[in-house]
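Here the structure is laid out as structure tokens; the discussion comes afterwards.
The values are calculated or read from the model by the stated rules, or taken from the named source; none is laboratory data. Source: prediction; values computed, not measured. Neighbour counts run over all protein chains shown; Cβ positions are idealised from the backbone, glycine included. For accessibility, only protein heavy atoms count, side chains too; no ligands or nucleic acids. Shrake-Rupley method; radii C 1.70, N 1.55, O 1.52, S 1.80 Å.
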Amino acid sequence: MSTSEQANQLYVPSDATVKAAHVSGMEAYRKLCEEAEADYEGYWARLAKEFVTWKQPFTKVLNDSNAPFFKWFEDGLLNVSYNCLDRNVEQGRGDKVAIIFESDDGQVTRVTYRELLEKTCRMANGLRELGVKKGDRVVIYMPMSVEGVVAMQACARIGATHSVVFGGFSAQSLRDRIQDAGAVLVITADEQMRGGKQLPLKAIVDEALGMGGCDTVRNVLVYRRTGGNIAWNARDVWLHEVLAKQATTCEPEWVDAEHPLFLLYTSGSTGKPKGVQHSSGGYLLQAALSTKWTFDLKPEDVFWCTADIGWVTGHTYIAYGPLANGATQIVFEGVPTWPDAGRFWKMIQQHKVTIFYTAPTAIRSLIKAAEANPATHPRNYDLSSLRILGSVGEPINPAAWEWYYRNVGGSRCPIVDTWWQTETGAHMITPLPGATPLVPGSCTLPFPGIMAAVVDETGADVPNGQGGVLVIKKPWPSMIRTIWGDPERFKKSYYPADFQGRYYLAGDGAVRDANTGYFTITGRIDDVLNVSGHRMGTMEIESALVSCTELVAEAAVVGRPDETTGEAICAFVVLKRPRPTGEEAKKIADELRAWVAKEIGPIAKPKDIRFGDNLPKTRSGKIMRRLLRSIARGEQITQDTSTLENPAILEQLAQSN
Ligand code: WTA
């Protein structure tokens, strides 16, 4: 959308919404921003005292003496699980429902704060019994479940650093993460239930550990979810057996604010996934604060973030943020399209959800489904409980925004389009529902205290209306601390020399509207793809393809726009045999998809696979990706191809679909 169009389409919050909001009106928003401008450390210190309960208060706020390895509140002591659980019980919310769990087949379980605390204490005691200590890494490979959240909280309680791996990742990906983290324990389930199907988890853990190189793992703790058949090894322990003996209280391990709460692996533009390391104090502060302000969370709300705990959204807006605020939230095991595509709407109706936070991909696929089967359209459900809607993970196109606004929100609910990343820990650029006028497709303005800007390659601000790269000019409490085991890569990726190491480089392009100053994210500027809101490095997929050494000689992966998934993965492959066509090409493409699913996970399967005798290369042998991008999009090649060694290959690849 053009910038001039933007300014005409403001959705202004209603007076009632503004009046009741935590951040009430643009004046209040501006005042917070001014407070942060005037005294940056003072602003964050004030909020850190308000939102976090400290065992020992901090005296230092920001330590930038070893930039870009920033420290926040470093001499403060706290426990994240205490803040999320005990604090609520102590403040009289023991009987309040913390989690409404709905299983794949629709069974509902309610867990109060007191029960969640007891479960967490028992699991924490169990972990201690298994010898897990402060600073140890624990990999969690679990279905969406109360137990998954409890496992994270239990690690936090004893000061163990968790690393949750999404249940859709393959044995190979899981092994790489276990190995990189040096985990002492893996917590998993026998199987998970999704869309009426039983899917293995424990068997994948067995396979991962069987690949070798994971000698640090002493035990595998297994939650019985389905009772399905699984193999049993000497290192395996049933969760229910360990829990049976445990006390329901457990003294928290008080850790300093910088203690690593978790690692979460994510894709970068080069090499293997990186373990993004997060802190305890600064992370908790912004998890709690952003949950409250961005969603304007009130005690009576029923909050539902549909993300999986395997992604950062499930960390900040399921496992930590809502609990730190004493909220009631939904945890959902299943998928949005089963038993039919009305599942989300049915659940919102049944549980009287007031705040609903999901991804554009989900919305787009539910729009399509509602067109195909009108019975699944949201208008068939009573969604009047909804108050606030949210979007996360990728740009939301204005058409999907409008549909979401009208059909789900009844033209009544503000949509918060939240821009942030695994590395930022919490929302960075987002509307606040009781303040910010909305523009479809724009994440609007920085969260108060976040110094976001659009700059050119030298780090100079670009004028509004002109595109550039998105940076954050000052460190913030919930920021990534380092890449686990690779501080150099941390520096190079996020604080590159281009900006003299001053600014955090987000890896996204952005433009600010000429009139409003609103931010619109224009997409990644590196070789990272965003497919259905999942981040994937093109290099990772290329290395998975070429590791199929029997078939593949060479591969190049690029993205192209896709109506439903945002971006789609396109692979250009040169085989070790003559270029296949017709049925044979289809068959080999399917084999390669299955191979990538095995190497990384089904989410990384290329949608398009094209075979060529070669790839377009410069005379020095460099693959010309910009040409491949054009071919993948079905565009005419208008770029200069004079440096191309083998121009005829373009024609062949263009026709090979
Ligand atoms: C993209 C997910 C546009 C962006 C929380 C970012 C977005 C990457 C938005 C991070 C949004 C996330 N609008 N793009 N509201 N939210 N992105 O680490 O490219 O899985 O860099 O964190 O997703 O993905 P990640």
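Brief remarks follow.
Rundown of residues vs (1) farther than 25 Å from Ile472 by Cβ; (2) open to solvent by 50 Å² or more (accessible area, probe 1.4 Å); (3) among the β-branched types (Val, Ile, Thr); (4) assigned to a helix (DSSP H, G or I), yes/no style:
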residue	(1), (2), (3), (4)
Pro13	yes, no, no, no
Val23	no, no, yes, no
Ala28	no, no, no, yes
Glu35	no, yes, no, yes
Gly42	no, no, no, yes
Ala45	no, no, no, yes
Pro68	no, no, no, no
Ser81	yes, no, no, yes
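- The set of residues in region 514-551 that are out of contact with any strand residue (DSSP E or B) (no Cβ under 6 Å at 6 or more places or on another chain) and among the β-branched types (Val, Ile, Thr) comprises Thr516, Thr549.
- Residues in region 615-636 that are open to solvent by less than 60 Å² (accessible area, probe 1.4 Å) and more than 20 Å from Thr565 (Cα to Cα): Leu615, Pro616, Lys617, Thr618, Gly621, Ile623, Met624, Arg625, Leu627.
- Which numbered condition Val408 misses (of (1) without any contact (Cβ under 8 Å) to a residue 60 or more places away in the chain; (2) more than 10 Å from the ligand (Cβ to nearest atom)): (1)
- Looking at Gly159, Gly135, just one residue is small (Gly, Ala, Ser) and open to solvent by 10 Å² or more (accessible area, probe 1.4 Å), and that residue is Gly135.
- Selection within region 422-443: residues that are within 14 Å of the ligand (Cβ to nearest atom) and among the aliphatic types (A, V, I, L, M). The member of this set that is surrounded by the most Cβ atoms within 10 Å (Cβ to Cβ) is Ala426.
- Filter pass, Trp419 being crowded, with 22+ Cβ neighbours inside 10 Å, closer than 17 Å to Thr565 by Cα and either within 16 Å of the ligand (Cβ to nearest atom) or at pLDDT below 95 (or both): no
- Residue in region 57-78 that is among the polar types (S, T, N, Q) and touching a residue at least 60 places away in the same chain (Cβ under 8 Å) present: no
- Qualifying position, being over 25 Å from Ile363 (Cα atoms) and within 14 Å of the ligand (Cβ to nearest atom), among Asp508, Asp527: Asp527
- The selection criterion, being out of contact with any Pro (no Cβ under 8 Å at 6 or more places or on another chain) and in contact (Cβ under 8 Å) with a residue 40 or more places away in the chain, does not hold for Phe519.
- Qualifying residue in region 566-584 (condition: within 31 Å of the chain's Cα centre (by Cα) and over 26 Å from Pro273 (Cβ atoms)): no
- Residue match in region 308-323 (condition: within 16 Å of the ligand (Cβ to nearest atom), open to solvent by less than 10 Å² (accessible area, probe 1.4 Å) and closer than 16 Å to Leu386 by Cα): no
- Pairs are defined by a Cβ separation below 7 Å, a sequence spacing of at least 6 or placement on different chains, a first member in region 137-152 that is under 15 Å from Ala208 (Cα atoms), and a second member that is open to solvent by 10 Å² or more (accessible area, probe 1.4 Å) and in a strand (DSSP E or B); the pairs so defined are Met142/Tyr223.
- Any hit, region 471-481, residues being touching a residue at least 24 places away in the same chain (Cβ under 8 Å), in a strand (DSSP E or B) and within 10 Å of the ligand (Cβ to nearest atom): no
- Positions within region 375-387 being open to solvent by 70 Å² or more (accessible area, probe 1.4 Å) and under 18 Å from Trp338 (Cβ atoms), in sequence order: Asn380
- Qualifying residue in region 223-240 (condition: acidic (Asp, Glu) and open to solvent by 50 Å² or more (accessible area, probe 1.4 Å)): no
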